[in-house]
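Data first, discussion second: the structure below is written as structure tokens.
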There are 2 protein chains.
Amino acid sequence: MASDVRNESLTEELPAENGLLYSSYAALYRDELVDNVLPFWLKHSRDEKNGGFFTCLRRDGSVYDTDKFMWLQGRQVWCFSYMYNNVAQKQEWLDMALHGAAFMEKYGRDATAGNWYFSLNAEGKPLTQPYNIFSDCFAAMGFASLDKASPNDRYKQIAVDTFENILRRKDNWKGIYNKAYPGTRLLKGFSLPMILCNLSLELEHLLGAGRVNEFIPTVIHEVMEVFYQPQYGLILESVHPDGSFSNSFEGRLINPGHTIEAMWFIMDLGRRMKDKTLIQKACDIMLHTLEYGWDKEFGGIYYFKDVLGNPPQQLEWDQKLWWVHVEALVALAKGFELTGDERCLKWFKKVHQYTWQHFRDEQYGEWFGYLNRRGEVLLDLKGGKWKGCFHIPRSLYQVWKTWEAVEANADADKLPG
Amino acid sequence: MASDVRNESLTEELPAENGLLYSSYAALYRDELVDNVLPFWLKHSRDEKNGGFFTCLRRDGSVYDTDKFMWLQGRQVWCFSYMYNNVAQKQEWLDMALHGAAFMEKYGRDATAGNWYFSLNAEGKPLTQPYNIFSDCFAAMGFASLDKASPNDRYKQIAVDTFENILRRKDNWKGIYNKAYPGTRLLKGFSLPMILCNLSLELEHLLGAGRVNEFIPTVIHEVMEVFYQPQYGLILESVHPDGSFSNSFEGRLINPGHTIEAMWFIMDLGRRMKDKTLIQKACDIMLHTLEYGWDKEFGGIYYFKDVLGNPPQQLEWDQKLWWVHVEALVALAKGFELTGDERCLKWFKKVHQYTWQHFRDEQYGEWFGYLNRRGEVLLDLKGGKWKGCFHIPRSLYQVWKTWEAVEANADADKLPG
């Protein structure tokens with residue numbers, strides 16, 4: 001049944017029996033997660049000699065570079081812990097998470113401040129200084145998730161210490177590596193408030209609901225009222241501290257995938273707070289951003305655009321990236337689940353079709369990461385410096401569970417009241 | 001006559017009368033420089049209000065961003081001074097150089113060390129710290145060239161002070177902005193020795209021939225024996241301090257345009273030193289790199305490759321950039337002039353055809369900078385953060401003068417002995 005929806009035509013009408021469609025989607029995404037993507041990383045990414053994960057994998061899974069990037073180490077620890085916690089208590093998944101965490105714990109932080117390095121060599125010697133706070137974010141996320149799978153005071157401590165350290169650094173996280181001259185053009189970025197919210201949720205069992213609930217209103221305000229620009233209906237990546245527009249390369253930048261991903265975080269917060277207005281607003285922004293970011297000629301979602309229509313400085317602006325597309329699938333499925341908006345279902349089918357057709361590697365398993373504008377494979381790697389074991393499995397899980405919930409709700413509607 | 005060679009077919013045989021071909025090329029490149037490219041920058045890039053140059057220009061020359069990038073300010077001062085010194089003493093060219101230099105002198109350096117900022121805002125306030133020593137290189141080059149056009153002790157002082165400062169910083173020029181962890185993976189880069197050699201030649205009237213002659217053997221050794229890898233016939237961008245190969249993203253990187261540009265610097269040094277063996281070696285490396293970097297399917301020269309055939313980390317690896325192609329034209333013309341190697345002439349015709357057909361903007365003048373792999377315009381800007389008034393005019397000048405010299409030599413051969 002799963003394969004019926006995989007290559008579904010874009011123009012096809014929705015089947016009369018929506019319940020069947022939902023369950024087909026759910027099964028397809030579940031099978032892809034459990035039978036294709038997780039096994040690929042289990043098989044190819046484990047460094048048996050030095051510990052930790054190889055993430056630079058060729059199309060067939062063979063290793064082409066042995067550097068260890070801390071973003072991706074933390075994300076992979078999170079991923080296998082999360083799947084162990086939420087999908088099935090498979091020992092090999094827990095072992096994988098423990099394997100990565102041991103390497104991270106031993107080599108990942110600097111001695112003075114406990115900041116996480118950006119990268120290490122294969123043996124664990126630091127290569128790149130802790131200039132990037134997202135290493136810390138994904139480390140905290142990984143250890144918190146692992147602590148749920150295999151409770152351990154050390155994991156708790158690492159997760160909480162790292163979280164507090166992020167909060168201390170958050171207003172100048174580049175620290176001495178910040179190349180901006182102080183005062184001339186103050187900008188604040190959209191990434192960190194967004195991820196802090198997600199992170200506090202991931203650490204809720206350690207921080208307590210009270211602490212998490214302190215974060216939520218600030219993040220929602222920042223995202224939906226400060227970075228969101230009503231005149232464009234879009235979210236900017238960087239604004240002045242007072243929320244005003246900066247007519248500069250940074251200030252004009254739109255990253256459609258980033259907005260779309262953020263909107264499903266916001267929908268999840270809306271669900272938690274039972275705020276239907278917030279959910280609908282997030283859904284509307286997501287759909288508008290998708291319209292804006294969709295390539296009308298070749299299909300797929302652009303990586304970057306300039307809000308004023310100027311040339312962006314990113315040479316890769318027209319490329320189609322894996323994470324953008326799979327995050328859009330999550331946002332669309334959740335949008336449909338939470339609002340019933342038919343536009344979400346129509347768009348889901350369209351993005352699903354594009355994504356499965358272009359990113360999935362039928363021959364060697366797992367998914368390609370980088371396509372050119374036409375949807376042709378630009379780099380046939382399965383992992384690298386930025387692509388690891390994270391967005392694809394997380395999204396497959398989220399989409400699976402969302403369609404499962406939609407189907408359950410649809411069935412519930414049919415029950416005699 | 002000029003237009004005859006502009007759209008010459010790739011497969012066409014060389015005309016019987018090579019003298020005619022050489023003079024057509026010379027005229028074409030001269031006219032393009034004097035009638036198209038320099039007027040475009042004169043008309044559109046001057047900031048009359050705050051001084052300095054706008055470099056972020058749309059296809060039609062209109063300004064889309066007002067930041068001032070010091071690389072490009074210095075390069076444009078150099079360009080208009082150089083053309084004044086070498087093409088014609090046009091007052092508007094000198095005025096343009098003086099206009100840029102005044103802005104640079106007033107705002108461009110930090111107060112403590114005299115390092116050149118990476119960028120300023122329109123009014124001249126610093127935006128990005130002096131993390132990039134190439135700002136200093138092009139500032140020194142600009143002021144030295146301007147000093148030839150309009151001798152002035154202040155210009156001399158700025159050029160020499162900046163040059164000495166570059167030498168002081170050269171072994172750790174990123175300084176506090178260096179994110180590499182000390183000691184784990186020591187790499188040295190190909191860019192700085194190369195540019196120091198070029199720079200010392202530009203400053204020869206200030207430094208003296210003795211000082212310049214000290215640099216040359218070291219640079220030739222570094223480029224032709226340390227960074228050049230005989231087993232590949234290619235030049236690497238980064239090697240270990242002892243010249244050995246680093247199997248890492250940085251160590252595997254090949255930038256064909258950079259090698260090809262470097263090879264015409266080396267040929268110029270070979271001419272200065274009357275070293276025919278060196279010239280032939282540079283010519284051979286250049287031709288081999290061109291073969292290696294040429295896109296056999298769509299034409300044009302790739303931006304980056306991985307020497308072991310792995311996926312490069314640069315997402316823009318398959319794009320076709322203006323500077324790569326125009327620098328190749330210079331290298332091929334000089335290669336032919338200095339060695340008579342027919343492969344240079346054949347390749348020149350092929351690269352000329354591709355370059356003029358794809359990069360030149362027939363409608364609005366000047367040249368596009370960024371094409372996708374297929375040779376379609378990817379960003380239709382005429383200038384931005386990295387493209388300014390430099391490679392195109394410099395190359396047009398160099399190619400013009402080279403074909404003029406080839407023609408003169410050919411004529412001389414015909415004279416009764």
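Miscellaneous remarks
- Residues in the stretch A:317-336 that are within 14 Å of chain B (Cβ to nearest Cβ) and either under 11 Å from the mean Cα position of the chain (by Cα) or assigned to a helix (DSSP H, G or I) (or both): A:W322, A:W323, A:V324.
- Residue that is farthest from the other protein chains (Cβ to nearest Cβ) [pool: residues in the stretch A:398-415 that are buried (at least 22 other Cβ atoms within 10 Å of the Cβ) and either within 19 Å of the chain's Cα centre (by Cα) or assigned to a strand (DSSP E or B) (or both)]: A:W403
- Selection of the stretch B:96-114 for residues being in a helix (DSSP H, G or I) and surrounded by fewer than 14 Cβ atoms within 10 Å (Cβ to Cβ) yields B:A102, B:K106.
- The residue that is surrounded by the most Cβ atoms within 10 Å (Cβ to Cβ), counting only those in the stretch A:225-256 that are touching an Asp or Glu at 6+ places or on another chain (Cβ under 6 Å) and under 16 Å from A:T289 (Cα atoms), is A:N255.
- Filtering the stretch B:51-109 to residues that are over 21 Å from B:D35 (Cα atoms) and of a type in the set (K, R) leaves B:K68, B:K106, B:R109.
- Taking the numbered list (1) surrounded by fewer than 17 Cβ atoms within 10 Å (Cβ to Cβ); (2) out of contact with any strand residue (DSSP E or B) (no Cβ under 9 Å at 6 or more places or on another chain); (3) not basic (K, R) in turn, A:F143 passes all entries but (1).
- Test: residue in the stretch A:71-94 that is farther than 30 Å from A:A26 by Cβ and either in the same structural domain as A:K382 (by TED's automatic domain parsing) or of a type outside the set (D, E) (or both): yes
- Of the listed requirements (1) part of a helix (DSSP H, G or I); (2) more than 21 Å from B:H391 (Cα to Cα); (3) modelled with pLDDT of 95 or more, B:K49 misses just one: (1).
- The residue that is surrounded by the fewest Cβ atoms within 10 Å (Cβ to Cβ), counting only those in the stretch B:260-275 that are of a type in the set (K, R) and within 25 Å of B:V324 (Cα to Cα), is B:R272.
- When B:I392 is tested against the conditions (1) of a type in the set (A, V, I, L, M); (2) surrounded by 23 or more Cβ atoms within 10 Å (Cβ to Cβ); (3) within 14 Å of another protein chain (Cβ to nearest Cβ), the lone failure is (3).
- Search result, residues across the stretch B:362-371 that are touching a helix residue (DSSP H, G or I) at 6+ places or on another chain (Cβ under 9 Å) and either at positive phi or surrounded by fewer than 19 Cβ atoms within 10 Å (Cβ to Cβ) (or both): B:Y364, B:G365, B:E366
- Test: residue in the stretch B:303-316 that is within 17 Å of the chain's Cα centre (by Cα), under 30 Å from A:N310 (Cα atoms), buried (at least 20 other Cβ atoms within 10 Å of the Cβ) and within 14 Å of another protein chain (Cβ to nearest Cβ): yes
- Taken over the stretch B:103-145, the criterion of being among the aliphatic types (A, V, I, L, M) and more than 22 Å from A:S248 (Cβ to Cβ) is satisfied by B:A111, B:A113, B:I133, B:A139, B:A140, B:M141, B:A144.
- The residue that is modelled with the lowest pLDDT, counting only those in the stretch A:206-242 that are in contact with a Ser or Thr (Cβ under 7 Å, 6 or more places away or on another chain) and among the hydrophobic types (A, V, I, L, M, F, W, C), is A:F215.
- Residues that are more than 14 Å from chain B (Cβ to nearest Cβ) and of a type in the set (G, A, S) within the stretch A:232-256 comprise A:G233, A:G243, A:S244, listed in sequence order.
- Evaluation of B:R374 against (1) surrounded by fewer than 20 Cβ atoms within 10 Å (Cβ to Cβ); (2) assigned to a helix (DSSP H, G or I) (one fails), failing number: (2)
- Taking residues in the stretch A:303-330 that are of a type in the set (S, T, Y), and partners anywhere that are part of a strand (DSSP E or B), the pairs with Cβ atoms closer than 6 Å and at least 6 places apart or on different chains are A:Y303/A:L321.
- Applying a threshold of 7 Å to beta carbon distances and a minimum spacing of six or more residues, or different chains, the list of pairs starting in the stretch B:46-68 at a residue that is more than 18 Å from A:G251 (Cα to Cα) and at the interface with chain A (Cβ under 10 Å from one of its Cβ atoms) and ending at one that is among the hydroxyl-bearing types (S, T, Y) and surrounded by fewer than 17 Cβ atoms within 10 Å (Cβ to Cβ) reads B:R59/B:Y364.
- One residue from B:F118, B:F80 being surrounded by 21 or more Cβ atoms within 10 Å (Cβ to Cβ) and more than 14 Å from B:F143 (Cα to Cα): B:F118
Yes/no per residue for (1) at pLDDT 95 or above; (2) out of contact with any Lys or Arg (no Cβ under 7 Å at 6 or more places or on another chain):
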| site | (1), (2) |
| --- | --- |
| B:L371 | yes, no |
| B:A405 | yes, yes |
| B:A408 | no, yes |
| B:D413 | no, yes |
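- Single residue of B:G365, B:G388 found to be under 17 Å from the mean Cα position of the chain (by Cα), in contact (Cβ under 8 Å) with a residue 24 or more places away in the chain and part of a loop (DSSP other than H, G, I, E, B): B:G388
- The stretch A:340-388, subset among the basic types (K, R) and either touching a Cys at 6+ places or on another chain (Cβ under 7 Å) or closer than 30 Å to A:D67 by Cβ (or both), residue farthest from the other protein chains (Cβ to nearest Cβ): A:R360
- Filtered residues of the stretch B:73-122 (kept if away from chain A (no Cβ under 14 Å) and aromatic (F, W, Y)): B:W78, B:F80, B:Y82, B:Y84, B:W93, B:F103
The values are calculated or read from the model by the stated rules, or taken from the named source; none is laboratory data. Computed from a predicted model, the values in this text were never measured in an experiment. Heads up, the Cβs are rebuilt from the backbone with ideal geometry, glycines too, and the neighbour counts pull from every protein chain shown.
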